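Note sheet for the following structure.
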Amino acid sequence: MKAMLCSSFTGPQDLRLGEIAEPRPADDEILIDVHAASVSFMDQLLVSGLYQMRPPLPFVPGTEASGVVVAIGAKVTQFAPGDRVACSSWTGGYAERMIAKKSEAVRLPDGVAFEAAATVLHVYGTAHYALVERARAQRGETVFITGAAGGVGLAAVDLSRHLGLRVIAGVGSDDKAAIVRSYGASEVVNYRSEDLRDQIKSITSGQGIDIGFDNVGGAVLEQMARLMNWGGRLMPIGFTSGTIPSIPMNLPLLKNYAILGVFVGAWAERFSAEAARMNDTLMQLLAEGHIRPHIDRILPLEDAGKAMRALADRTVQGRIVLKIR
(Lines give C-alpha, C1' and ligand atoms only; values in the text may rest on other atoms or scores of the structure.)
Protein backbone atom coordinates (compact mmCIF):
# COMPACT_ATOMS: atom_id res chain seq x y z
CA MET A 1 0.00 0.00 0.00
CA LYS A 2 1.04 3.62 -0.51
CA ALA A 3 2.51 5.53 2.46
CA MET A 4 4.71 8.52 3.27
CA LEU A 5 7.95 7.25 4.82
CA CYS A 6 10.43 8.86 7.20
CA SER A 7 13.78 7.05 6.91
CA SER A 8 15.95 9.55 8.81
CA PHE A 9 15.40 12.22 11.44
CA THR A 10 16.42 14.98 9.05
CA GLY A 11 13.15 16.80 8.57
CA PRO A 12 10.18 17.05 6.19
CA GLN A 13 12.33 17.56 3.10
CA ASP A 14 13.48 13.93 3.25
CA LEU A 15 10.04 12.30 3.43
CA ARG A 16 9.39 9.98 0.49
CA LEU A 17 6.26 8.34 -0.88
CA GLY A 18 6.70 4.56 -1.06
CA GLU A 19 5.07 1.14 -0.86
CA ILE A 20 4.85 -0.78 2.42
CA ALA A 21 3.15 -3.94 3.62
CA GLU A 22 -0.37 -3.54 4.95
CA PRO A 23 -0.40 -3.50 8.78
CA ARG A 24 -2.29 -6.17 10.70
CA PRO A 25 -4.35 -5.26 13.77
CA ALA A 26 -3.49 -6.86 17.12
CA ASP A 27 -6.24 -8.16 19.41
CA ASP A 28 -7.04 -4.67 20.77
CA GLU A 29 -6.63 -2.76 17.50
CA ILE A 30 -8.62 -1.82 14.41
CA LEU A 31 -7.48 -1.47 10.79
CA ILE A 32 -8.73 1.61 8.97
CA ASP A 33 -9.02 2.68 5.35
CA VAL A 34 -7.67 6.21 5.78
CA HIS A 35 -9.66 8.95 4.04
CA ALA A 36 -8.07 12.01 5.67
CA ALA A 37 -5.15 12.71 7.99
CA SER A 38 -4.28 15.98 9.72
CA VAL A 39 -0.76 17.39 9.93
CA SER A 40 0.42 18.45 13.38
CA PHE A 41 3.42 20.30 14.76
CA MET A 42 4.23 17.11 16.62
CA ASP A 43 4.50 15.25 13.29
CA GLN A 44 7.03 17.83 12.12
CA LEU A 45 9.03 17.45 15.34
CA LEU A 46 8.97 13.65 15.07
CA VAL A 47 10.42 13.53 11.56
CA SER A 48 13.04 16.11 12.57
CA GLY A 49 14.20 14.12 15.60
CA LEU A 50 13.14 16.92 17.94
CA TYR A 51 10.34 15.19 19.85
CA GLN A 52 10.80 13.45 23.22
CA MET A 53 10.35 10.06 21.57
CA ARG A 54 11.85 8.60 18.40
CA PRO A 55 10.01 5.82 16.56
CA PRO A 56 12.16 3.06 15.00
CA LEU A 57 13.16 3.92 11.44
CA PRO A 58 11.66 3.80 8.91
CA PHE A 59 8.21 4.86 10.07
CA VAL A 60 5.03 6.40 8.68
CA PRO A 61 4.24 9.78 10.30
CA GLY A 62 0.72 10.87 11.11
CA THR A 63 -0.82 11.10 14.57
CA GLU A 64 -4.47 11.62 13.63
CA ALA A 65 -6.72 10.36 10.86
CA SER A 66 -10.25 9.39 9.92
CA GLY A 67 -11.69 6.71 7.70
CA VAL A 68 -13.59 3.44 7.60
CA VAL A 69 -12.90 0.31 9.65
CA VAL A 70 -11.95 -2.66 7.45
CA ALA A 71 -10.85 -5.21 10.09
CA ILE A 72 -10.87 -5.60 13.89
CA GLY A 73 -8.80 -7.48 16.44
CA ALA A 74 -10.10 -10.48 18.34
CA LYS A 75 -10.86 -8.44 21.50
CA VAL A 76 -12.57 -5.51 19.79
CA THR A 77 -16.32 -5.37 20.38
CA GLN A 78 -17.22 -1.68 20.06
CA PHE A 79 -16.30 -1.35 16.36
CA ALA A 80 -17.16 -3.35 13.25
CA PRO A 81 -16.06 -3.24 9.61
CA GLY A 82 -17.85 -0.41 7.85
CA ASP A 83 -17.88 1.95 10.84
CA ARG A 84 -16.79 5.52 10.14
CA VAL A 85 -14.20 6.54 12.74
CA ALA A 86 -11.56 9.03 13.73
CA CYS A 87 -8.47 7.79 15.51
CA SER A 88 -5.15 8.88 16.98
CA SER A 89 -1.84 7.10 17.19
CA TRP A 90 1.80 8.09 17.62
CA THR A 91 2.44 7.21 13.96
CA GLY A 92 0.82 5.69 10.87
CA GLY A 93 -1.71 8.23 9.58
CA TYR A 94 0.01 9.21 6.32
CA ALA A 95 -0.88 5.97 4.56
CA GLU A 96 -3.74 4.28 2.74
CA ARG A 97 -4.36 2.10 5.79
CA MET A 98 -3.38 2.42 9.45
CA ILE A 99 -3.97 0.64 12.73
CA ALA A 100 -5.12 2.22 15.98
CA LYS A 101 -5.88 1.04 19.49
CA LYS A 102 -9.60 0.55 20.06
CA SER A 103 -9.32 2.96 23.00
CA GLU A 104 -7.96 5.70 20.71
CA ALA A 105 -10.73 5.59 18.13
CA VAL A 106 -14.21 7.08 18.13
CA ARG A 107 -17.22 6.49 15.90
CA LEU A 108 -18.27 9.47 13.77
CA PRO A 109 -21.81 10.82 14.06
CA ASP A 110 -23.83 10.97 10.85
CA GLY A 111 -23.04 14.01 8.75
CA VAL A 112 -19.53 14.59 10.10
CA ALA A 113 -17.07 14.83 7.20
CA PHE A 114 -13.82 12.87 7.26
CA GLU A 115 -11.76 16.03 6.75
CA ALA A 116 -13.20 17.79 9.80
CA ALA A 117 -13.13 14.61 11.91
CA ALA A 118 -9.40 14.18 11.26
CA THR A 119 -8.70 17.52 12.97
CA VAL A 120 -10.49 17.05 16.28
CA LEU A 121 -8.96 14.45 18.58
CA HIS A 122 -5.51 15.97 19.02
CA VAL A 123 -6.18 19.72 19.07
CA TYR A 124 -9.62 19.77 20.67
CA GLY A 125 -8.63 16.85 22.89
CA THR A 126 -5.66 18.85 24.18
CA ALA A 127 -7.86 21.92 24.70
CA HIS A 128 -10.62 19.95 26.45
CA TYR A 129 -8.23 18.06 28.72
CA ALA A 130 -6.43 21.28 29.64
CA LEU A 131 -9.46 23.50 30.22
CA VAL A 132 -11.98 21.01 31.60
CA GLU A 133 -9.96 18.28 33.29
CA ARG A 134 -6.88 20.20 34.46
CA ALA A 135 -7.92 23.83 34.90
CA ARG A 136 -11.56 23.12 35.87
CA ALA A 137 -12.44 26.29 33.98
CA GLN A 138 -15.48 28.20 35.21
CA ARG A 139 -17.79 30.33 33.08
CA GLY A 140 -16.73 33.98 33.16
CA GLU A 141 -13.05 33.33 33.90
CA THR A 142 -10.37 34.95 31.77
CA VAL A 143 -8.08 32.70 29.72
CA PHE A 144 -5.00 33.85 27.81
CA ILE A 145 -4.10 31.50 24.94
CA THR A 146 -0.75 31.81 23.15
CA GLY A 147 -0.13 30.53 19.63
CA ALA A 148 -3.84 31.17 19.33
CA ALA A 149 -4.09 30.90 15.53
CA GLY A 150 -2.38 27.51 15.35
CA GLY A 151 -4.04 24.11 15.55
CA VAL A 152 -4.18 23.64 19.33
CA GLY A 153 -4.46 27.37 20.00
CA LEU A 154 -7.46 27.95 17.74
CA ALA A 155 -9.19 24.87 19.15
CA ALA A 156 -8.61 26.28 22.64
CA VAL A 157 -10.11 29.63 21.58
CA ASP A 158 -13.13 27.87 20.07
CA LEU A 159 -13.71 25.59 23.06
CA SER A 160 -13.17 28.45 25.54
CA ARG A 161 -15.91 30.41 23.79
CA HIS A 162 -18.22 27.38 24.08
CA LEU A 163 -17.39 27.11 27.80
CA GLY A 164 -18.27 30.76 28.41
CA LEU A 165 -14.75 32.01 29.12
CA ARG A 166 -13.42 35.47 28.35
CA VAL A 167 -10.73 34.82 25.75
CA ILE A 168 -7.56 36.86 25.25
CA ALA A 169 -5.72 35.50 22.23
CA GLY A 170 -1.95 35.81 21.94
CA VAL A 171 -0.55 35.84 18.39
CA GLY A 172 2.84 36.43 16.82
CA SER A 173 1.69 38.53 13.87
CA ASP A 174 -1.14 40.97 13.21
CA ASP A 175 -2.47 39.03 10.22
CA LYS A 176 -3.68 36.32 12.62
CA ALA A 177 -5.92 38.63 14.63
CA ALA A 178 -8.98 38.31 12.41
CA ILE A 179 -9.28 34.54 12.63
CA VAL A 180 -8.93 34.35 16.42
CA ARG A 181 -11.57 37.06 16.81
CA SER A 182 -13.90 35.11 14.50
CA TYR A 183 -13.48 32.08 16.76
CA GLY A 184 -14.37 33.91 19.96
CA ALA A 185 -11.44 36.00 21.22
CA SER A 186 -12.63 39.29 22.74
CA GLU A 187 -9.09 40.72 22.88
CA VAL A 188 -5.95 40.04 20.85
CA VAL A 189 -2.34 40.70 21.88
CA ASN A 190 0.63 40.49 19.53
CA TYR A 191 3.38 39.43 21.93
CA ARG A 192 6.09 40.09 19.34
CA SER A 193 5.24 43.76 18.81
CA GLU A 194 3.41 44.75 22.00
CA ASP A 195 4.43 44.78 25.65
CA LEU A 196 2.67 41.65 26.94
CA ARG A 197 2.74 42.71 30.58
CA ASP A 198 1.24 46.14 29.89
CA GLN A 199 -1.43 44.75 27.58
CA ILE A 200 -2.61 42.01 29.94
CA LYS A 201 -2.69 44.38 32.92
CA SER A 202 -4.71 46.88 30.90
CA ILE A 203 -7.18 44.29 29.57
CA THR A 204 -7.73 42.69 32.99
CA SER A 205 -7.72 45.98 34.98
CA GLY A 206 -4.65 44.77 36.83
CA GLN A 207 -6.19 41.50 38.02
CA GLY A 208 -4.24 39.20 35.72
CA ILE A 209 -5.41 36.03 34.01
CA ASP A 210 -7.25 33.14 35.63
CA ILE A 211 -6.03 30.54 33.14
CA GLY A 212 -2.81 30.64 31.12
CA PHE A 213 -2.86 28.25 28.14
CA ASP A 214 0.64 28.40 26.66
CA ASN A 215 1.74 26.72 23.43
CA VAL A 216 4.89 28.79 22.95
CA GLY A 217 7.16 28.53 26.00
CA GLY A 218 10.32 30.61 26.22
CA ALA A 219 10.07 34.27 27.16
CA VAL A 220 6.29 34.33 26.63
CA LEU A 221 5.66 31.76 29.37
CA GLU A 222 8.14 33.51 31.65
CA GLN A 223 6.09 36.70 31.29
CA MET A 224 2.81 34.86 31.80
CA ALA A 225 4.12 33.55 35.12
CA ARG A 226 4.08 37.17 36.34
CA LEU A 227 0.59 37.92 35.02
CA MET A 228 -1.53 35.36 36.87
CA ASN A 229 -4.54 36.22 39.01
CA TRP A 230 -4.90 34.95 42.56
CA GLY A 231 -5.70 31.22 42.47
CA GLY A 232 -5.03 31.00 38.74
CA ARG A 233 -3.83 28.01 36.74
CA LEU A 234 -0.83 28.29 34.41
CA MET A 235 -0.58 25.43 31.92
CA PRO A 236 2.44 24.68 29.72
CA ILE A 237 1.05 22.90 26.65
CA GLY A 238 4.03 22.97 24.29
CA PHE A 239 7.23 24.79 23.42
CA THR A 240 6.98 25.85 19.79
CA SER A 241 9.54 28.60 20.45
CA GLY A 242 12.10 25.85 20.98
CA THR A 243 12.95 27.11 24.47
CA ILE A 244 11.83 25.54 27.74
CA PRO A 245 11.71 28.35 30.33
CA SER A 246 12.54 28.43 34.02
CA ILE A 247 9.99 29.98 36.37
CA PRO A 248 10.92 31.38 39.83
CA MET A 249 8.86 29.40 42.31
CA ASN A 250 8.12 32.43 44.45
CA LEU A 251 5.68 33.58 41.74
CA PRO A 252 3.06 30.83 42.19
CA LEU A 253 3.64 31.06 45.95
CA LEU A 254 2.80 34.77 46.14
CA LYS A 255 -0.42 34.46 44.11
CA ASN A 256 -1.40 30.95 45.27
CA TYR A 257 -1.64 29.89 41.65
CA ALA A 258 -0.95 26.43 40.26
CA ILE A 259 1.28 25.29 37.43
CA LEU A 260 -0.43 22.35 35.73
CA GLY A 261 1.33 20.22 33.15
CA VAL A 262 -0.77 19.12 30.16
CA PHE A 263 0.23 16.00 28.21
CA VAL A 264 -3.00 14.58 26.88
CA GLY A 265 -1.33 11.63 25.13
CA ALA A 266 0.11 10.28 28.37
CA TRP A 267 -3.20 10.83 30.19
CA ALA A 268 -5.12 9.00 27.45
CA GLU A 269 -2.82 5.98 27.73
CA ARG A 270 -3.25 5.80 31.52
CA PHE A 271 -6.98 6.60 31.60
CA SER A 272 -8.31 5.17 28.36
CA ALA A 273 -11.96 4.99 29.46
CA GLU A 274 -12.00 8.66 30.44
CA ALA A 275 -10.25 9.59 27.20
CA ALA A 276 -12.80 7.62 25.17
CA ARG A 277 -15.64 9.51 26.87
CA MET A 278 -13.93 12.80 26.07
CA ASN A 279 -13.57 11.80 22.42
CA ASP A 280 -17.28 10.95 22.24
CA THR A 281 -18.09 14.34 23.75
CA LEU A 282 -15.92 16.14 21.21
CA MET A 283 -17.52 14.37 18.27
CA GLN A 284 -20.98 15.25 19.54
CA LEU A 285 -19.92 18.88 19.92
CA LEU A 286 -18.69 18.76 16.32
CA ALA A 287 -21.86 17.13 15.01
CA GLU A 288 -24.03 19.70 16.80
CA GLY A 289 -22.01 22.65 15.54
CA HIS A 290 -20.72 23.78 18.95
CA ILE A 291 -17.11 23.55 17.76
CA ARG A 292 -15.91 24.23 14.22
CA PRO A 293 -12.40 23.08 13.32
CA HIS A 294 -10.62 25.38 10.90
CA ILE A 295 -8.98 23.67 7.92
CA ASP A 296 -6.32 25.93 6.45
CA ARG A 297 -5.96 23.83 3.28
CA ILE A 298 -6.40 20.30 1.94
CA LEU A 299 -3.41 18.71 0.19
CA PRO A 300 -2.66 15.32 -1.39
CA LEU A 301 -0.58 12.75 0.51
CA GLU A 302 2.54 13.48 -1.53
CA ASP A 303 2.55 17.06 -0.19
CA ALA A 304 2.99 15.98 3.45
CA GLY A 305 6.49 17.47 3.57
CA LYS A 306 5.22 20.75 2.15
CA ALA A 307 2.52 20.82 4.84
CA MET A 308 5.05 20.26 7.62
CA ARG A 309 7.29 23.03 6.31
CA ALA A 310 4.33 25.41 6.34
CA LEU A 311 3.75 24.54 10.00
CA ALA A 312 7.40 25.13 10.84
CA ASP A 313 7.25 28.50 9.04
CA ARG A 314 4.20 29.57 11.10
CA THR A 315 2.09 30.16 7.97
CA VAL A 316 -0.77 27.82 8.96
CA GLN A 317 -3.97 28.86 10.69
CA GLY A 318 -5.77 25.89 12.22
CA ARG A 319 -4.96 22.57 10.52
CA ILE A 320 -3.72 21.24 7.19
CA VAL A 321 -5.45 18.03 6.10
CA LEU A 322 -4.05 15.38 3.75
CA LYS A 323 -6.74 13.80 1.59
CA ILE A 324 -5.75 10.13 1.21
CA ARG A 325 -8.86 8.79 -0.61
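For the residues Pro300, Pro236, the requirement of being in the same structural domain as Cys87 (by TED's automatic domain parsing) and either closer than 30 Å to Cys6 by Cβ or crowded, with 17+ Cβ neighbours inside 10 Å (or both) singles out Pro300.
Restricting the stretch 290-307 to residues that are assigned to a strand (DSSP E or B) and either under 19 Å from the mean Cα position of the chain (by Cα) or among the hydrophobic types (A, V, I, L, M, F, W, C) (or both) leaves a set whose member that is nearest to Leu15 (Cα to Cα) is Leu299.
Yes or no, residue by residue, for (1) outside the structural domain of Asn215 (by TED's automatic domain parsing); (2) among the aliphatic types (A, V, I, L, M); (3) more than 22 Å from Arg319 (Cβ to Cβ):
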| residue | (1), (2), (3) |
| --- | --- |
| Tyr129 | no, no, no |
| Val132 | no, yes, no |
| Arg136 | no, no, yes |
| Arg139 | no, no, yes |
| Thr142 | no, no, yes |
| Thr146 | no, no, no |
| Gly150 | no, no, no |
| His162 | no, no, no |
| Val167 | no, yes, no |
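Counting only strands (runs of 3 or more DSSP E) that sit wholly inside the stretch 6-114, those with at least 3 residues that are surrounded by fewer than 18 Cβ atoms within 10 Å (Cβ to Cβ) and free of Cβ contacts under 8 Å to residues at least 24 places away in the same chain are 16-19.
Would you call Gln207 over 19 Å from Tyr129 (Cα atoms), assigned to a loop (DSSP other than H, G, I, E, B) and not aromatic (Phe, Trp, Tyr)? Judged against the criteria, Gln207 is a match. When Leu254 is tested against (1) farther than 19 Å from Glu64 by Cα; (2) surrounded by 13 or more Cβ atoms within 10 Å (Cβ to Cβ); (3) modelled with pLDDT under 95, just one condition goes unmet, and that condition is (2). Of all the criteria given as (1) crowded, with 20+ Cβ neighbours inside 10 Å; (2) free of Cβ contacts under 8 Å to residues at least 40 places away in the same chain, the one not satisfied by Ala266 is (1). Considering (1) under 26 Å from the mean Cα position of the chain (by Cα); (2) at positive phi, the lone condition that Gly206 does not fulfil carries the number (1). Comparison of Leu234, Leu163, Leu227, Leu221 shows that the only residue that is over 23 Å from Pro252 (Cα atoms) and touching a residue at least 24 places away in the same chain (Cβ under 8 Å) is Leu163.
Restricting attention to the stretch 225-240, the residues that are farther than 23 Å from Ser40 by Cβ and either assigned to a strand (DSSP E or B) or modelled with pLDDT under 95 (or both) total 7.
Assigned by TED's automatic domain parsing to the domain that holds Gly184 and of a type outside the set (Lys, Arg): does that describe Pro248? Against the criterion (assigned by TED's automatic domain parsing to the domain that holds Gly184 and of a type outside the set (Lys, Arg)), Pro248 qualifies.
The values are calculated or read from the model by the stated rules, or taken from the named source; none is laboratory data. What you are looking at is a predicted structure, and each value in this text was computed from that prediction instead of being measured. Note: ideal-geometry Cβ built from the backbone for every residue, glycine included; neighbour counts use all protein chains shown.
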